[in-house]
Amino acid sequence: PFSIESAMSLIPSSETINTDIMVEDDIMVDHKPLIDTGVPIINDAVNPIIEENFSPEPEVESQGDIKVTPLKSIIPILSWVWAAGMVVMLVYTVISYLRVKNKIGTAVLLRENIFQSENVVSPFVLGVVKPRIYLPFHMNEQDIEHVIAHENAHIRRKDHLWKPFGFLLLTLHWFNPFIWIGYVLLCRDIELACDEKVVKEFDNQQKADYAQA
């Protein structure tokens, strides 16, 4: 929604593409479409490719003085593809959430905000406003306490908010492989950070028991 210029940024310029309202300055119809990243070496590498592939043919002109570039037809198509990808991600999210809610419909209260269900295979936290911990049945008492400590660490660290926020960014930028990598690493780091938070309060024997659980 906004950009911040910084010399420390990978792309320092906040206006890589000219976004002026004037049509003649629009990169989609510009006779010579270029970008300005603020990094000369990137400009020199990318702009020749853009100019070669997206500049209009000399004889191709539209009404008036506006020259139509291939970007004029490609960008709307890519916009629809991007929007369709977001819709698919959102539909997947809604269906997954409803399936989980349906599975835990018969969950039994253990204590406080902790529930057990025969349909739960692995412990997890569900809920944004009032997060609840869901556990499978048939766990021994020691393992349950370690798992609860781990899930409570998630709640104290607000991971039930951060993880959906990360998935929201993934939904917006689904086309970017680096965002997928970032989301996978985020989920991994969330788990490791919770383990670290829990074992800080344990002695060596408790740490061993926790690791085994």
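The values are calculated or read from the model by the stated rules, or taken from the named source; none is laboratory data. Model, not experiment: these values are computed from the prediction. As a convention, Cβ positions derive from the backbone with ideal geometry for all residues, glycine included, and neighbour counts pool all protein chains shown. Remember, those area values only see protein heavy atoms, side chains included, never the ligands or the DNA or RNA. Shrake-Rupley method; radii C 1.70, N 1.55, O 1.52, S 1.80 Å.
Things to note:
- Residue satisfying condition, being open to solvent by less than 100 Å² (accessible area, probe 1.4 Å) and modelled with pLDDT of 90 or more, within set Val60, Val68, Val88, Val120: Val88
- Within segment 156-185, the set of residues being over 23 Å from Val87 (Cβ atoms) and in contact with a helix residue (DSSP H, G or I) (Cβ under 9 Å, 6 or more places away or on another chain) comprises Arg156, Arg157, Asp159, His160, Trp162.
- For segment 123-160, the candidate set comprises residues that are more than 26 Å from Leu98 (Cβ to Cβ) and within 23 Å of the chain's Cα centre (by Cα); within that set, the residue that is surrounded by the fewest Cβ atoms within 10 Å (Cβ to Cβ) is Arg156.
- Evaluation of Ala107 against (1) among the small types (Gly, Ala, Ser); (2) crowded, with 16+ Cβ neighbours inside 10 Å; (3) at pLDDT 95 or above (one fails), failing number: (3)
- Residue check, Ile95 surrounded by 10 or more Cβ atoms within 10 Å (Cβ to Cβ), at pLDDT 90 or above and either touching a strand residue (DSSP E or B) at 6+ places or on another chain (Cβ under 8 Å) or charged (D, E, K, R) (or both): no
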